[in-house]
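See below for the structure under consideration.
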Amino acid sequence: MAGAAHCSLQAKRLLLDPKFEGYKLSLEPLACYQLGLDAAVAEVQLRDDQYTLDHMRAFGMYNYLHLDSWYQDNVYYVDQFGRVMNLSVTLDTALQKPREVFRLPTDLTACDNRLCASMHFPSSTWVTLSDGTGRLYLIKSGKRGSSASEKWEIVFNEELGSPFIVAHSVSFIKSDAHSLTVLLLRVEKDELDTKGSGFHVTLEWVTVAERKEGDHRYEIIKRRVLQGKSVPHYAAIEPSGDGLMIVSHKPFTFMQSESDKLFSEENDDAKVSNEKKDPLYYWQQTEDDVTITVHLPQDITKDDIKICFSPDNICVTLKDQTPLMEGNLYSSVDHESCTWIIREDKSLEISLIKKNEGCRWPELIIGDTRGELIMDPSQCSEIAESLMHLTSEVMNPNPEKENPPCNAQELEECDAFLEDGASLCRFDGDTLKVTHIINLGSNQYLFSVVVNPKEMPCFCLRHDVDALLWQPHSDQPENMWEHIATFNALGYVQASKQDKKFMACAPDYSYAALCECLRRVFIYRQPTPLATVLYNRKEGRQVGQVAKQLVATLEASDPILGFQATSERLFVLTTKTLFLIKVNSGN
């Protein structure tokens, strides 16, 4: 992470509401429509050897319903016959059955170690698709959501090794050639990991470009692999294809090719040899003075040495060369009393008399790390004694009664964060190094959502009790992560939902929603002005607006497999049914 800019997320105060009073449960009925599926969703259960938390996060909690953000209210899923099924909604009262738009060429049941099929929509006319067996398809779809112009045609398909799921993809033009770049997620066995789970997570970044021959064929031009020890919460490629952003509990690093490794090892050897160099000088101090010792080359005589003392500065030169030591001293000295001699062992000894007696210097020359401080045992014990009051072997030895210490037992369960070490990193596609890093600390990751399909997906983080939505801007270095919306108290509310499975929000921020593993869906609307006058009895004041919570209970006994939100409605997918919940009426 050396060289990476350490950044922070800046919340917009105007988007925060410190006076938010909570959600009021509303009993208003929600229109709910359901469509029976011709064939069950192609759900893939975790195998016995997929037992880690990472397997559960990546594949066990997979969202089988895919929202096409390029077209309004357009969703897809893959059924057990390998058919990609689409539902495009215009009128809730005139719903059509999901229709087949594409069929995977391979027999999904023939592969024992397959994962769930996955897809992503990098543009309004392109689709990236994985069948879960390790094969990647790039498909030209035409304008989607309309049966007249939608025709899915395979432009590229290739076996890329062990099974993966498509995490993200983008489409862009570079050097007058069309390119697609895809992020593939795998959880793989790690033979070297004997103390951990025995697995590692890889993100393969594959770039496929149109061939220059003009035959409209595509080929892989670049494959890069990142490796980490936890499934990323968020991983997305920048619209230009030049960088990558990852939110994860544990860091990811690029795996080097053999030629890169050799170059890196040479650099490491050079670094080690630099690190092994002896200090340029040694120095000791008492309360009154500082003594500096410099080892001299054999051919240096007294006449070759030139030392200039001033109250705040020292300069040591040998044979009129570049100064050996030069700079501002940590504290002032009595420069007229400073002396130097050449000792019998051919070393130069310089004595500085401190002006401020008793002042302990942490460094000799400000910013100079080439020297080494030598301390005698009495000084070490003196320092330890002076710091003794800061530590104690007794837990909380003398608490103030008015200000009792924090008691962890008083914290509520939803205030505990399991993953305090999460970070957001931005990787450069050319150097493969981290350019920006944000330590998220207790800002728990909640979910991601596409607000504008031409931009990167937004991610939602818990900030105190609220949930804040952040839009990455890879082309704006000064405003790379913009706070665009706030869901009041949602961070706290969601933490109390023990059985939650998926979270989402409307692209227009009008509501946020979460669903449990079975049946129940919770909807949290943004505060809206009241049509009637409402008073807060406790405080005796008028309430101007209220935020509503709504609850929908689905008529289904099957577990929820997919969950997506649009500005008007929620889509909820179970094994054999697709539910539509009308949340907002269209304009």
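Structure data summary
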{"item": "DSSP bridge orientation in the chain - percent antiparallel, rounded to nearest 5", "result": "95 percent"}
{"item": "Average projected area [Cα convex hull, the chain], square nanometres", "result": "40.1 nm²"}
{"item": "Eligible lysines near Lys319 by straight Cα distance, threshold 22 Å, same-chain separation 8 or greater", "result": "Lys302, Lys306, Lys346"}
{"item": "Among Gly228, His55, Pro527 - extreme Cα towards positive end, dipole of the chain, charges at beta-carbon", "result": "Pro527"}
{"item": "Gain in span if fully extended, Glu555 to Ala31, counting 0.36 nm per residue against the direct Cα distance", "result": "187.3 nm"}
{"item": "Virtual spin-label span in nm between Gln10 and Asn313, 7 Å along Cα→Cβ", "result": "3.7 nm"}
{"item": "Spatially proximal lysines relative to Lys151 (Cα-Cα < 30 Å; intrachain offsets below 8 disregarded)", "result": "Lys97, Lys140, Lys143, Lys174, Lys212, Lys222, Lys454, Lys576, Lys582"}
{"item": "Fraction of accessible area attributable to carbon and sulfur, the chain (%, probe 1.4 Å)", "result": "49 percent"}
{"item": "Filtered trypsin sites (Lys or Arg not before Pro), region 166-232: DSSP coil and at most 14 other beta carbons within 10 Å", "result": "Lys195, Arg211, Lys212, Arg217"}
{"item": "Bins of 5 Å, starting at 0 and running to the largest distance - Cα pair percent for region 45-256", "result": "1, 6, 14, 19, 19, 17, 12, 7, 3, 1, 0, 0"}
{"item": "Computed helical MRE - 222 nm, the chain, DSSP H runs ≥ 4 contributing -39500 (n - 2.57), nearest 500", "result": "-2000 deg cm²/dmol"}
{"item": "Partner lysines for Lys195 [C-alpha distance under 18 Å; skip if fewer than 8 residues away on the same chain]", "result": "Lys229, Lys250"}
{"item": "Where labels lie 7 Å past Cα in the beta-carbon direction, separation of Met375 and Ile341 in nm", "result": "2.8 nm"}
{"item": "Nearest-0.05 FRET efficiency for Thr90 and Asp475, computed from C-beta distance (R0 35 Å)", "result": "0.55"}
{"item": "Simple spin-label estimate for Glu363 and Ala148 in nanometres, 7 Å along Cα-Cβ", "result": "7.2 nm"}
{"item": "Spin-label zone in region 169-189 - amide nitrogen under 14 Å from a point set 7 Å from the Cα of Glu219 along the C-beta vector", "result": "none"}
{"item": "Extension gain (nm, one decimal) between Thr291 and Lys212, 0.36 nm per residue minus Cα-Cα", "result": "21.4 nm"}
{"item": "Length gained when the stretch Gln45-Cys517 is fully extended (0.36 nm per residue, less Cα-Cα span)", "result": "168.4 nm"}
{"item": "Listed residues Phe487, Val434, Gly358: farthest to the positive end of the dipole of the chain (Cβ charges)", "result": "Phe487"}
{"item": "Folded to 0 to 90 degrees: helix 377-386 orientation relative to the chain principal axis, Cα", "result": "50 degrees"}
{"item": "Met56/Glu21 FRET efficiency (R0 30 Å; Cβ-Cβ; nearest 0.05)", "result": "0.25"}
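The values are calculated or read from the model by the stated rules, or taken from the named source; none is laboratory data. Computed from a predicted structure; not experimentally measured. Here the Cβ is made from the backbone with ideal geometry for all residues, glycine too, and neighbour counts use every protein chain on show. What goes into the accessible areas is simple: the full protein's heavy atoms, side chains included, and nothing from ligands, DNA or RNA. Shrake-Rupley method; radii C 1.70, N 1.55, O 1.52, S 1.80 Å.
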